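Right, one structure below, let's go through it.
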Amino acid sequence: MKRFEYDILFFEVKRRGDYDEMRRILNGHGAKGWEVITAEAGDYGYTTFLKREIAAPSVGSSE
């Protein structure tokens, strides 16, 4: 069975350059295996929800 872990990131967006910073951070997370599953716009910015698959426990593990 696949297992996942989740993370939540908030990005305050006040000017156009803030999107470049948001993109840089999300690309960094993507390089580590994270995938954005949804993003919600709010009054002060964006909340993003990410997930990545957790490696299966090795054979003989107690999990």
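Here are some notes:
- Checking each residue in the range 9-27 for being at pLDDT below 90 and of a type in the set (Lys, Arg) picks out Lys14, Arg15, Arg16.
- Residues of the range 13-62 satisfying the condition of being of a type in the set (A, V, I, L, M, F, W, C), within 10 Å of the chain's Cα centre (by Cα) and closer than 21 Å to Arg3 by Cβ: Trp34, Val36, Ile37, Phe49, Leu50
- Annotation for the range 28-47: at least one member residue is at pLDDT 95 or above, surrounded by 11 or more Cβ atoms within 10 Å (Cβ to Cβ), of a type in the set (Ser, Thr, Tyr) and touching a Phe, Trp or Tyr at 6+ places or on another chain (Cβ under 8 Å).
The values are calculated or read from the model by the stated rules, or taken from the named source; none is laboratory data. Just so we're clear, the structure is a prediction, and the values are computed from it rather than from any experiment. Backbone-built Cβ (ideal geometry, glycine too); neighbour counts: all protein chains shown.
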